[in-house]
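One structure is given here, and the rest of the page talks about it.
The values are calculated or read from the model by the stated rules, or taken from the named source; none is laboratory data. Bear in mind the structure is a predicted one, so any value in this text is a computation, not a measurement. All Cβ positions, glycine included, derive from the backbone under ideal geometry; neighbour counts span all protein chains shown. Ligands, DNA and RNA are excluded from the accessible area calculation, which covers all protein heavy atoms including side chains. Shrake-Rupley method; radii C 1.70, N 1.55, O 1.52, S 1.80 Å.
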Amino acid sequence: MYGQNPEITKKELVEISASLIRIGSKLIKNSNVEKLIALSQKENDSDVQSLALMRLFATVPSDKRVILALQKIIDNNQSPQLMGMSISHLAALRSPWLSERLDKYSRHQKDLVRLASISAIHFVCPKDHWNLLKGRLASETNPGILKAILHESSFIGGPKARDFLDGVINEKKLGNDYVVIAKVELEKLSQDSISHCR
C-alpha cells in the first residue's frame, strides 16, 4: 500500500489522497477523506496539516466529518494557523456552531485566531455582533486587528455600521490613522445600506 512506502512523503500522500477523493469509488473516497482528516489533526508537521486541510476544503468542503474535524481543531486549541483556517472555513459555511463561539475566539491570545474570528462576524452573525465588535475595539491592541474591526463593520453594513464608524470618528480614542480608516469605511456604506446580520 502506498501509505507504507517510505519513499512517499507526507505531502505526496496528501496529494494522492486528494486525487483519490476526486476520482475514486465511494469506498475509496471515504477512506481518503479519513486519511486527510487524520493528517490534519495528528501530523506533527504544520505544513502537512495545512495542506491536508486545504485539500479537504477543495474536495469535500461541507462533509460532516470535515466540519467535525474543524470544530475539534478549534476546540483543542491547535496551532493558530490551523485554528484560523478552520474558523475561516466554518465561517464561509455559515456555521451556527461557530456563531455561538465566536466571542470566545475573538478574545483568543493568538492574533491569527482573533483576526479570523473578527473577519468571520459578517458571515455567521453571532448574537450581539455589535457588542462583540465594540468590546474588541475597546480591548484590542494589535493595529492589524483594529483595522479588521473597522473593515468588518462596513461588511456587516446597515445603520448600526454607520453609528459604529461615526463613534470611532467622533471619539478619536484610537488615533488619527484609525479615524481615517473609519472615514473610508463609512464612505463605502451607501445611504440605503442593509445589514447582513439581523
What per residue convex hull volume, in Å³, comes out for region 72-132 when only alpha-carbon positions are used?
66 Å³
Run the numbers on region 84-198 and let me know its relative contact order in percent, using alpha-carbon pairs under 8 Å that are six or more apart.
23 percent
From the residues SER62, ALA91, LEU51, which one has its Cα farthest along the dipole of region 1-100 in the positive direction, the dipole being from +1 and -1 charges on Cβ of Lys/Arg and Asp/Glu about the Cα centre?
SER62
Starting from the residue with the highest accessible area, list PHE57, PHE123 in decreasing order, probe 1.4 Å.
PHE123, PHE57
Roll a 1.4 Å probe over the protein heavy atoms and report the accessible area of LEU112 in Å², nearest 10.
80 Å²
Could you work out the mean projected area of the convex hull around the alpha carbons of the chain, in square nanometres to one decimal?
12.6 nm²
Which of GLU100, GLU185, GLU34 is most accessible, then next, and so on - probe 1.4 Å
GLU100, GLU34, GLU185
For THR141, solvent-accessible area (1.4 Å; no DNA, RNA or ligand), Å²
120 Å²
Please report, in debye to the nearest 20, how large the charge dipole of region 63-163 is about its Cα centre when each Lys and Arg carries +1 at its beta carbon and each Asp and Glu carries -1 there.
80 debye
Lysine pairs meeting the criterion (Cα under 17 Å, 8 or more apart or interchain), as found in region 62-171
8
The chain: relative contact order in percent, alpha carbon pairs under 8 Å with at least 6 residues between:
12 percent
